[in-house]
Amino acid sequence: MLTLLAFLQAVQVVILWLHDWLPLPPLNDVAAVRRADTTARLVWVTLIQSVPYTIGLIYTIRALQTHLPGWLLWWLWISYGLLFLGALRAWWFPYLVRPEPVRAARYREMFGSTHAFLPEHNGMVPNTLHATLHVATLATLLVLAAVTF
C-alpha cells in the first residue's frame, strides 16, 4: 500500500509541477495559461501548489521500507485533503451545482482547447488533465485511509 501511495503522490507531484509549464497538447495549453496569468504569478502558484506535496512524497519514499511516521500521516491527510477540497471548490461545485460565470469564462480561456471527456455544464467542463489529478487525489485519500486505519 505504501508503494501505491508513493506512486499516486508522484503522479500528482509531476502534474502539479509541470502542467502550466511543459506543453503536452491536447492535455494542456501552456500559451493560453500564460496569456491569462503573468509569469510571476505562475511561478508563485506553482511553488505553493507543488512544494508541500513534494515534501510529502520525499518523506513517503524515505519511509517505504518502514512505516509512515505520525507527523507524515498528518501532513498527507491535511495536504491532500486541502487539495481535494480545492478541486471540489474550483472545478466540481461550479460544474455540478452552482454556475460561476466568471470562473467558467476564465477556465474556457485557459483550458478551452484542451481535451475533455465530460460534456459542458454550467458553462464549464473539467479537462482531462485536471480530472486525472482529481481522481489521483481521491485515490490517494482512499489509500491513505487504508494505511492509516
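The values are calculated or read from the model by the stated rules, or taken from the named source; none is laboratory data. Because the structure is predicted, anything quoted here is derived from the model rather than measured. Cβ coordinates were reconstructed from backbone atoms using ideal geometry, including for glycine residues, and neighbour counts include every protein chain displayed.
Remarks
- Filtered residue count, the stretch 107-149, keeping only those that are hydrophobic (A, V, I, L, M, F, W, C) and free of Cβ contacts under 8 Å to residues at least 60 places away in the same chain: 11
- W92 vs. criteria in a helix (DSSP H, G or I), closer than 29 Å to L5 by Cβ, in contact with a Leu (Cβ under 9 Å, 6 or more places away or on another chain) and among the aromatic types (F, W, Y): no
- Within the stretch 95-137, being loosely packed, with under 14 Cβ neighbours inside 10 Å and part of a helix (DSSP H, G or I) holds for L96, P101, V102, A105, V135.
- From L16, L2, L64, residue being hydrophobic (A, V, I, L, M, F, W, C), buried (at least 16 other Cβ atoms within 10 Å of the Cβ), in contact (Cβ under 8 Å) with a residue 24 or more places away in the chain and farther than 30 Å from R103 by Cβ: L2
- Any hit, the stretch 29-36, residues being part of a helix (DSSP H, G or I), touching a helix residue (DSSP H, G or I) at 6+ places or on another chain (Cβ under 9 Å), on the phi < 0 side of the Ramachandran plot and of a type in the set (V, I, T): yes
- Considering W91, W74, the condition of being surrounded by fewer than 17 Cβ atoms within 10 Å (Cβ to Cβ) and at pLDDT 95 or above is satisfied by W74 alone.
- With respect to being under 22 Å from L24 (Cβ atoms) and aromatic (F, W, Y), Y80 falls outside the description.
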